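Enquirer: Before we start, here is the structure in question, set down as structure tokens.
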Ligand SMILES: Cc1cc2nc3c(=O)[nH]c(=O)nc-3n(C[C@H](O)[C@H](O)[C@H](O)COP(=O)(O)OP(=O)(O)OC[C@H]3O[C@@H](n4cnc5c(N)ncnc54)[C@H](O)[C@@H]3O)c2cc1C
Ligand SMILES: NC(=O)c1ccc[n+]([C@@H]2O[C@H](COP(=O)([O-])OP(=O)(O)OC[C@H]3O[C@@H](n4cnc5c(N)ncnc54)[C@H](OP(=O)(O)O)[C@@H]3O)[C@@H](O)[C@H]2O)c1
């Protein structure tokens, strides 16, 4: 049995934090025995811990850290299909394949996520309305699953092979098996640069309208909302759009080697900021500053800067201090969506719960995953510093979301109440049937699954 | 990259260790052709596939159990894969039992010495005549644990001290042929060997350690501590007089 480490773990929000029994296998043999470890009551896979809440935590039970099983195994330049271990990060993919003209079909706002985490949360990017979620780019998944004799067995699933289990794994939050390998399609891109445009709009209505116009047709689109300002300027926003920049659009010397973008320098937030640093005033200043400095017109930027603006500041989550923060992300259907977004923002503003990041985006069609988050509608995401009163606010927001037919993103959740789950995710039963079939004894379990009654 | 892209033929033994994987990636990034050897052939195949897929280099997996091997057959296998051009031999195999388990356990003592010391000498002796002259290189991952014998870890430490002494002699022996010898003394590295062990501090990332080892090979260094600050720590520890060292509970 490989050694386990007793460690206190949290995800990106630094809240909650639990003692877990961590294994970090470096070989497939070690992975097998970590899964089958009978000294822990259950196990859950953990990638790079970039979900925000408790999805990859397992209080007093087993966590399998996959970051050392990160090998790229095969790449087909003709189809763009990469076979790799689940612990491979999008950062590593970009380092190896962007210089060769390939980029992940879908990328979240951080490259420090693993393929396993991207599949298990069925992540979306700024191109959800055009390119779908990670599911659309996932061709096959190899899962490790418990068997009756205590050993675990490997099984490839795809749209042609146990499609039901494959679908349940897309957005299944690690509860349908430990992903060992997968085959994902990368997309050919003309350069390592993005032709980006920034446009200021005065209020929320204009921001929402923006998505229906030319801006909404761009491959990548997102809006940053200042949700602290009240009165006439309430909802002032910056619309951010982008396209992969064709070689001939690159200025002078860049065009000669369109895939050789500079690697960003990294800074690190050295210590946990005292929580006081994040009062509503300092955040207001930050938001206003961002609002002013954003460029009004188009410009060519390295893809890494466009997609991962915060990745160059390692451990930026520490600015929220020891107490941590939660990210609240919902998607509400387009019908009455504007009213829903306004009601949610209003509730947050009234609570004076300062938000660093308020991000709005239009989502397109859902994927096949019964527990996958994206659906057609507006998605809104905000970082909220953790306080004693935060959960109450989030519960209010959940009630509002449910009223408007919306749902919360489980990868960012640490406080949803179980009663909302079946309403938010109407295909929940389908998911549970798959769980009952492949893991009737709930050897797979997480703090999230227990909190939400997903083990029942 | 740039002018360093010299495409060495490099053999790495103990290839499944995290430090060795770090070395393999750093070598592949510079364009080396690699033979990756270990007792778990499937793992070695995956590591070979990884460097091939990421960096586009040629790579080969070979099975080798250093406790049960025919060194000259292994040299032969490597020479075939690398078409005769063996530039570098990197040895990273290692075994560390709990000191308390090894005490009074002849099998664990033998295993420690075989994996860490005997196999290192056997492989070096087998490869030396086949390394490129001049320009060849032998690099062995030893440990700071070989610098002083501590009650808490001296069975492992003695094997690494043996490695250090052997390599200290091998260096001058091969100097005239232009073959370099590098002794690597890592401090604590975050690998399977140390995962979950109590008392770890300043634990280094194995890829960083791998990068620093490959840089040291490029510069044809003789001895390195990695991360670098262990040189200072060990300078102090080595200078403690025996009479005092004996009273410290390390
Ligand atoms: C700055 C930042 C920006 C972000 N932006 C976005 C965004 O734009 N869109 C978006 O969708 N998300 C976004 N996220 C969230 C992030 O993409 C997801 O939470 C992702 O799942 C994190 O991947 P991870 O490897 O860190 O996994 P973890 O956080 O460790 O785990 C997440 C889930 O995946 C499961 N999992 C991980 N590996 C495996 C495996 N091998 N087998 C089975 N299950 C596994 C875990 O059990 C858990 O349920 C962002 C996060 C950050 C920090
Ligand atoms: N981690 C540290 O803090 C530290 C500090 C100083 C020095 N070191 C040295 O660094 C080297 C690499 O160790 P590591 O930390 O990366 O730990 P590791 O993963 O335990 O590496 C040990 C390696 O030795 C291999 N090995 C053991 N017995 C073998 C055998 N009979 N035949 C072939 N290969 C065998 C292992 O192969 P399997 O995968 O098949 O088991 C593994 O690849 C070792 O020499 C170690 O002593 C480590």
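The values are calculated or read from the model by the stated rules, or taken from the named source; none is laboratory data. All values reported here derive from a predicted model rather than from experimental measurement. In this analysis, Cβ positions are derived from the backbone assuming ideal geometry, glycine residues included, and neighbour counts consider all displayed protein chains.
Enquirer: Taking residue A:139 as meeting all but one of (1) within 14 Å of chain B (Cβ to nearest Cβ); (2) in a strand (DSSP E or B), write down the number of the exception.
Expert: Residue A:139 satisfies every listed condition except (1).
Enquirer: Looking at residue B:36, is it within 14 Å of chain A (Cβ to nearest Cβ), within 26 Å of residue B:162 (Cα to Cα) and either within 15 Å of ligand 2 (Cβ to nearest atom) or touching a helix residue (DSSP H, G or I) at 6+ places or on another chain (Cβ under 9 Å) (or both)?
Expert: Yes.
Enquirer: Taking the options A:150, A:105, A:132, name whichever one is more than 11 Å from ligand 1 (Cβ to nearest atom) and in contact with a helix residue (DSSP H, G or I) (Cβ under 6 Å, 6 or more places away or on another chain).
Expert: A:105
Enquirer: Okay, moving on. With away from ligand 1 (no atom under 16 Å from the Cβ) and outside any helix (DSSP H, G or I) as the only criterion, which of B:120, B:109, B:140, B:128 stands out?
Expert: So the residue among B:120, B:109, B:140, B:128 that is away from ligand 1 (no atom under 16 Å from the Cβ) and outside any helix (DSSP H, G or I) is B:140.
Residues are listed down the side, and each one gets a yes or a no for (1) surrounded by 23 or more Cβ atoms within 10 Å (Cβ to Cβ); (2) over 30 Å from residue A:254 (Cα atoms):
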site: A:176; (1), (2): yes, yes
site: A:192; (1), (2): yes, no
site: A:199; (1), (2): no, no
site: A:207; (1), (2): yes, yes
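Enquirer: Evaluate the range A:61-83: report whether one residue or more is within 11 Å of another protein chain (Cβ to nearest Cβ), touching a strand residue (DSSP E or B) at 6+ places or on another chain (Cβ under 8 Å), closer than 22 Å to residue A:126 by Cβ and not in a loop (DSSP other than H, G, I, E, B).
Expert: Yes, there is a match, as at least one residue in the range A:61-83 is within 11 Å of another protein chain (Cβ to nearest Cβ), touching a strand residue (DSSP E or B) at 6+ places or on another chain (Cβ under 8 Å), closer than 22 Å to residue A:126 by Cβ and not in a loop (DSSP other than H, G, I, E, B).
Enquirer: Which residues, taken from the range A:2-11, are outside any strand (DSSP E or B) and more than 13 Å from every other protein chain (Cβ to nearest Cβ)?
Expert: A:11
Enquirer: Taking into account only those residues within the range A:21-55 that are closer than 16 Å to residue A:173 by Cβ and more than 18 Å from the chain's Cα centre (by Cα), which is farthest from ligand 1 (Cβ to nearest atom)?
Expert: A:42
Enquirer: When you check residue B:83 against the structure, is it surrounded by fewer than 24 Cβ atoms within 10 Å (Cβ to Cβ), closer than 25 Å to residue B:167 by Cα and away from every other protein chain (no Cβ under 11 Å), yes or no?
Expert: Here the answer is no, as residue B:83 does not meet what is asked.
Enquirer: What residue, of A:397, A:448, A:344, A:384, is in contact (Cβ under 8 Å) with a residue 24 or more places away in the chain and either outside any helix (DSSP H, G or I) or surrounded by fewer than 20 Cβ atoms within 10 Å (Cβ to Cβ) (or both)?
Expert: Details: A:397 fails: either outside any helix (DSSP H, G or I) or surrounded by fewer than 20 Cβ atoms within 10 Å (Cβ to Cβ) (or both); A:448 fails: either outside any helix (DSSP H, G or I) or surrounded by fewer than 20 Cβ atoms within 10 Å (Cβ to Cβ) (or both); A:344 fails: either outside any helix (DSSP H, G or I) or surrounded by fewer than 20 Cβ atoms within 10 Å (Cβ to Cβ) (or both).
Just a single option satisfies the conditions, and that option is A:384.
Enquirer: Let me ask another. On the given criteria, is residue A:421 assigned to a helix (DSSP H, G or I) and at pLDDT 95 or above?
Expert: Criteria met by residue A:421.
Enquirer: Which ones in the range A:398-413 are out of contact with any helix residue (DSSP H, G or I) (no Cβ under 6 Å at 6 or more places or on another chain) and over 22 Å from residue A:133 (Cα atoms)?
Expert: Correct list: A:399, A:403.
Enquirer: Please enumerate the residues belonging to the range A:91-120 that are closer than 27 Å to residue A:412 by Cβ, within 14 Å of another protein chain (Cβ to nearest Cβ) and surrounded by 22 or more Cβ atoms within 10 Å (Cβ to Cβ).
Expert: A:93, A:94, A:115
Enquirer: Going through B:243, B:161, B:216, B:192 one at a time, which residue ends up being within 13 Å of ligand 2 (Cβ to nearest atom) and part of a helix (DSSP H, G or I)? Don't jump to the end; show me each part of the working.
Expert: Working: B:243 fails: within 13 Å of ligand 2 (Cβ to nearest atom); B:216 fails: within 13 Å of ligand 2 (Cβ to nearest atom); B:192 fails: part of a helix (DSSP H, G or I).
On inspection, the qualifying residue turns out to be B:161.
Enquirer: May I pose another question? Can you find a residue in the range B:201-221 that is out of contact with any helix residue (DSSP H, G or I) (no Cβ under 7 Å at 6 or more places or on another chain), free of Cβ contacts under 8 Å to residues at least 12 places away in the same chain and within 14 Å of chain A (Cβ to nearest Cβ)?
Expert: No.
Enquirer: Within the range B:92-101, is even one residue under 19 Å from the mean Cα position of the chain (by Cα), more than 14 Å from chain A (Cβ to nearest Cβ), at pLDDT 95 or above and within 16 Å of ligand 2 (Cβ to nearest atom)?
Expert: yes
Enquirer: Of the residues in the range A:12-41, how many are out of contact with any helix residue (DSSP H, G or I) (no Cβ under 9 Å at 6 or more places or on another chain) and more than 14 Å from chain B (Cβ to nearest Cβ)?
Expert: 5
Enquirer: In addition: Just to be sure, is residue A:87 in contact with a helix residue (DSSP H, G or I) (Cβ under 9 Å, 6 or more places away or on another chain), within 14 Å of another protein chain (Cβ to nearest Cβ) and assigned to a loop (DSSP other than H, G, I, E, B)? I'd like the intermediate steps shown before the answer.
Expert: On the way: in contact with a helix residue (DSSP H, G or I) (Cβ under 9 Å, 6 or more places away or on another chain): yes; within 14 Å of another protein chain (Cβ to nearest Cβ): yes; assigned to a loop (DSSP other than H, G, I, E, B): yes.
Against the criterion (in contact with a helix residue (DSSP H, G or I) (Cβ under 9 Å, 6 or more places away or on another chain), within 14 Å of another protein chain (Cβ to nearest Cβ) and assigned to a loop (DSSP other than H, G, I, E, B)), residue A:87 qualifies.
Enquirer: Here is a list: B:49, B:61. Which entry is farther than 30 Å from residue B:157 by Cβ, crowded, with 19+ Cβ neighbours inside 10 Å, within 12 Å of chain A (Cβ to nearest Cβ) and touching a strand residue (DSSP E or B) at 6+ places or on another chain (Cβ under 8 Å)?
Expert: Values: B:61 fails: within 12 Å of chain A (Cβ to nearest Cβ).
Result of the check over B:49, B:61: B:49.
Enquirer: Shifting gears a bit: What is the number of the single condition among (1) touching a strand residue (DSSP E or B) at 6+ places or on another chain (Cβ under 9 Å); (2) modelled with pLDDT of 95 or more; (3) closer than 18 Å to residue B:112 by Cβ that residue B:197 does not meet?
Expert: It fails just one condition, (2).
One line per residue, one yes/no per condition, for (1) closer than 24 Å to residue A:309 by Cα; (2) in the same structural domain as residue A:350 (by TED's automatic domain parsing):
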| residue | (1), (2) |
| --- | --- |
| A:152 | no, no |
| A:156 | no, no |
| A:182 | no, no |
| A:232 | no, yes |
| A:236 | yes, yes |
| A:243 | yes, yes |
| A:246 | yes, yes |
